[in-house]
Amino acid sequence: MCSKPRKSFIRVLKEVQKFGVFIGLTWIILGFIHPFVSAGTLLCSKCDSTEEPNCQTNPPVASPCLESSRVNCMEAKEYDKNGRQIKFIRGCTTVAAGEACINRGIDNITLCYKTCGTDGCNVASYISFCSISILLPVLLTILLVWFHH
């Protein structure tokens, strides 16, 4: 009678050990990958309303700014001479963080822009890679425990 509980206890310990190794490896892999994905690379949403009509209301997921000189994310709106918005752009820029409006006198187009310097700051519903790298092992743990039983 004592041997059966002991065997099942040992089996449980072995499974917990395997599970712990899996979680540990997941954290190691994510810890190794994260610096390469995020080091020195700003993540910004990029779109242009002339090509993507929903750019302003439904921005794409933030992605790396490939040009190393691009240090900020931006949103820009162009207005015609009557004050009607004619274009919306999201992207990466070298312009310093801040907000301004500039009137291009030649064609009476006004450009208003806003820049920011953190990952995904030009996307309202951005989830950073760091958040995902923290949530992924937790979600994997929940899934493994759920499907294991």
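Quick note: the coordinates plus some simple rules give every number you see, no bench work behind them. Treat the numbers as computed from the prediction; the structure is a model and nothing was measured. All Cβ positions, glycine included, derive from the backbone under ideal geometry; neighbour counts span all protein chains shown.
The table below lists the values:
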| item | result |
| --- | --- |
| Förster-model FRET efficiency, 22 Å R0, ASN58 and GLN85, C-beta, rounded to 0.05 | 0.85 |
| Burial order of peptide ranges 74-83, 50-59 (average beta-carbon count within 10 Å, highest first) | 74-83, 50-59 |
| Point-to-point label distance, ARG104-VAL71, nm (Cα→Cβ direction, 7 Å offset) | 2.5 nm |
